[in-house]
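The values are calculated or read from the model by the stated rules, or taken from the named source; none is laboratory data. Note that the coordinates shown come from a computational prediction; the quantities given were computed from them, not determined experimentally. Here Cβ is always computed from backbone atoms with ideal geometry, including for glycine, and neighbour counts include all displayed protein chains. Note: accessible area is taken over every heavy atom of the protein model, side chains too, but ligands, DNA and RNA are not part of it. Shrake-Rupley method; radii C 1.70, N 1.55, O 1.52, S 1.80 Å.
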Amino acid sequence: MGAFFDICMLVMLGIFGWAAVALVRRTRQRRSAWESGLTAQARVVRAWATTQMVNNVARRVQWHEYDYYTQDGRLVRFRESGGPRDRAEGELTLVYYAPHEPDKATASEPQPGKDAAGTAVWLTILAAGAFFLIYEWATLPGF
């Protein structure tokens, strides 16, 4: 039973670590796209919403799939969550992309301060959760 508990704790710590890495990676991708100065008109190919239940409260997440052409004429398609609800299929919108990662573009307006603050808050929450988990793991009596 003790080994199963240890494995579960390690899996949860791994999930916290994976979430932190994914959060920092997407923040850097967005910053790189904004700072590149490259923009293009993109067409919304598909728009849909998903629902997540968090503490018995439905949370709606808006998704969009975009098509655009880079400056060198390549067609790129990418998906992004968290866009505006009123953006419908067929609409044109401005996207920001980096030349080395055109499939990691973003259709959100540049907000580097807000993006950095949100990342810092989420990393703090993840770190606090990881420290709490390690503390509980270390202080719980053995089985």
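Among the residues of region 83-99, is any in contact (Cβ under 8 Å) with a residue 24 or more places away in the chain, more than 19 Å from Val44 (Cα to Cα) and out of contact with any Lys or Arg (no Cβ under 8 Å at 6 or more places or on another chain)?
For region 83-99, residues in contact (Cβ under 8 Å) with a residue 24 or more places away in the chain, more than 19 Å from Val44 (Cα to Cα) and out of contact with any Lys or Arg (no Cβ under 8 Å at 6 or more places or on another chain): present.
Among the residues of region 22-31, is there at least one that is surrounded by 14 or more Cβ atoms within 10 Å (Cβ to Cβ), more than 20 Å from Pro112 (Cα to Cα) and in contact with an Asp or Glu (Cβ under 9 Å, 6 or more places away or on another chain)?
Looking through region 22-31, none of the residues is surrounded by 14 or more Cβ atoms within 10 Å (Cβ to Cβ), more than 20 Å from Pro112 (Cα to Cα) and in contact with an Asp or Glu (Cβ under 9 Å, 6 or more places away or on another chain).
Within region 83-100, can you find the residues that are within 29 Å of Gly17 (Cβ to Cβ) and either part of a helix (DSSP H, G or I) or open to solvent by 60 Å² or more (accessible area, probe 1.4 Å) (or both)?
Taking region 83-100 and keeping what is within 29 Å of Gly17 (Cβ to Cβ), we get 83, 96-98, 100.
The one that is within 29 Å of Gly17 (Cβ to Cβ) and either part of a helix (DSSP H, G or I) or open to solvent by 60 Å² or more (accessible area, probe 1.4 Å) (or both): His100.
Evaluate the following for Arg79: is it under 16 Å from the mean Cα position of the chain (by Cα) and open to solvent by 50 Å² or more (accessible area, probe 1.4 Å)? First the steps, then the outcome.
On the way: under 16 Å from the mean Cα position of the chain (by Cα): yes; open to solvent by 50 Å² or more (accessible area, probe 1.4 Å): yes.
Judged against the criteria, Arg79 is a match.
Can you tell me which condition Ala107 does not meet? The list is (1) farther than 12 Å from Arg43 by Cα; (2) touching a Gly at 6+ places or on another chain (Cβ under 9 Å); (3) not acidic (Asp, Glu), and all the others hold.
Here Ala107 clears every test but (1).
Return the residues of region 59-75 that are open to solvent by less than 100 Å² (accessible area, probe 1.4 Å) and either at positive phi or within 19 Å of the chain's Cα centre (by Cα) (or both); say none if nothing qualifies.
Scanning region 59-75 gives Val61, Gln62, Trp63, His64, Glu65, Tyr66, Gly73.
Pick from region 101-142 the residues that are part of a loop (DSSP other than H, G, I, E, B) and more than 19 Å from the chain's Cα centre (by Cα): which of them is surrounded by the fewest Cβ atoms within 10 Å (Cβ to Cβ)? First the steps, then the outcome.
Initially, region 101-142 is screened for residues part of a loop (DSSP other than H, G, I, E, B), giving 107-111, 140-142.
The next check asks that each one be more than 19 Å from the chain's Cα centre (by Cα); those that pass are 140-142.
On the way: Leu140: 10, Pro141: 4, Gly142: 6.
By that ranking, first place goes to Pro141.
Restrict the check to region 67-76 and report whether at least one residue is in contact with a His (Cβ under 9 Å, 6 or more places away or on another chain), in a strand (DSSP E or B), farther than 27 Å from Met12 by Cα and touching a residue at least 24 places away in the same chain (Cβ under 8 Å). Explain how you work it out, then say what you get.
Residues of region 67-76 in contact with a His (Cβ under 9 Å, 6 or more places away or on another chain): none.
No - not one qualifying residue is present in region 67-76.
Is it the case, given these coordinates, that Phe132 is touching an Asp or Glu at 6+ places or on another chain (Cβ under 8 Å) and closer than 29 Å to Gly14 by Cβ? Lay out the reasoning, then the answer.
Details: touching an Asp or Glu at 6+ places or on another chain (Cβ under 8 Å): no; closer than 29 Å to Gly14 by Cβ: yes.
Considered against the rule, which asks whether it is touching an Asp or Glu at 6+ places or on another chain (Cβ under 8 Å) and closer than 29 Å to Gly14 by Cβ, Phe132 comes out as no.
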